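**Student:** Take this structure, written in structure tokens, and hold onto it; I'll ask about it next.
Bear in mind these aren't lab numbers, they're just calculated from the coordinates by the rules spelled out. In this text, all values refer to a predicted model and were calculated from it rather than measured experimentally. In this analysis, Cβ positions are derived from the backbone assuming ideal geometry, glycine residues included, and neighbour counts consider all displayed protein chains.
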Amino acid sequence: MSPVESTVAQWAAANPKIKRAWILGKLEVAVEIQPVSDSEETIAIWLARGEQWRAELRQRIDPALELEWFDPDRDEPIVGDALGQDKTLVFER
């Protein structure tokens, strides 16, 4: 596991809201959020925590890192396409 993959995996493991994390490219990460009861709450979690998570990962890895939310129920097209191509799953709860 590369240093970036290890850092993302450790960060995700310490965050109970993260269900899965992928490395999509050199400095791009996608996360799937763990819903408590239904997937509708994941957007609220992303809106409330996304910027904080991005800042945490940028501080640990690189200021240019991009963090994206992946919702398997909605399959955001850009992230969904990236997940269908070159990706590395680095964490799964």
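**Student:** In whole Hz and in residue order, list the ³J(HN,Hα) couplings for the range 46-52 that follow from phi through the Karplus curve 6.51 cos²θ - 1.76 cosθ + 1.60, θ = phi - 60°; x for Gly and Pro.
**Tutor:** Ordered by residue, 3J(HN,Hα) equals 4, 5, 7, 10, x, 5, 5 Hz.
**Student:** Name the long-range amide H neighbours of D71: under 5 Å, sequence gap of 5 or more, or other chain; modelled H, no Pro or chain starts.
**Tutor:** Here E76 satisfy the definition.
**Student:** Taking the Cα-to-Cβ direction at A44 and at Q59 and moving 7 Å from each Cα, how far apart do the two end points lie in nm?
**Tutor:** 2.6 nm
**Student:** How much net charge surrounds K17 when only the other residues with a Cβ under 13 Å from the Cβ of K17 are counted, with Lys and Arg +1 and Asp and Glu -1?
**Tutor:** Numbers: positive: K19, R20, R49, R93; negative: E32, E41, E56.
Charge balance in the 13 Å sphere: +1.
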